[in-house]
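Okay, structure first, notes after.
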């Protein structure tokens, strides 16, 4: 199972009516043939499942895609204080034009559009 690089950009919202390519995530993770996160392959490639967060006026953040009792999350440091939860990630398709919701540690939720999978 090869790892895929997934690029997600901020979808349209009140603040950004056209979305924002400046607010994005790049994820490295295993996917099934139909585009779902491959949980079995993830177990064998945990340390390779990386996340990079690009946000204007903030340093680029790098971390891991993790699976906890709360579900899937982006984690940048040990502990869960900075984890960004991913709503029902196991059900989402990672294909262009699909959407994923990311909830930040402060509870703000943002919807991102998958723009590229390679």
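Considering only residues of the range 98-118 that are at pLDDT below 90 and not in a strand (DSSP E or B), which is nearest to residue 30 (Cα to Cα)?
Within the range 98-118, the match that is nearest to residue 30 (Cα to Cα) is 104.
Of all residues being in a loop (DSSP other than H, G, I, E, B) and in contact (Cβ under 8 Å) with a residue 40 or more places away in the chain in the range 52-97, which is nearest to residue 3 (Cα to Cα)? Just the residue, please.
94
Would you confirm whether any residue within the range 36-45 is part of a loop (DSSP other than H, G, I, E, B) and free of Cβ contacts under 8 Å to residues at least 24 places away in the same chain?
no
Scan the range 81-99 for residues that are farther than 12 Å from residue 36 by Cα and surrounded by 18 or more Cβ atoms within 10 Å (Cβ to Cβ) and report the count.
Total meeting the criteria: 4.
Can you report the number of residues in the range 71-90 which are at pLDDT below 80 and within 12 Å of residue 103 (Cα to Cα)?
Number satisfying all stated conditions: 3.
The values are calculated or read from the model by the stated rules, or taken from the named source; none is laboratory data. Please read all numbers here as calculations on a predicted model, not as lab measurements. So basically every Cβ, Gly included, is an ideal-geometry build from the backbone, and we count neighbours across all protein chains shown.
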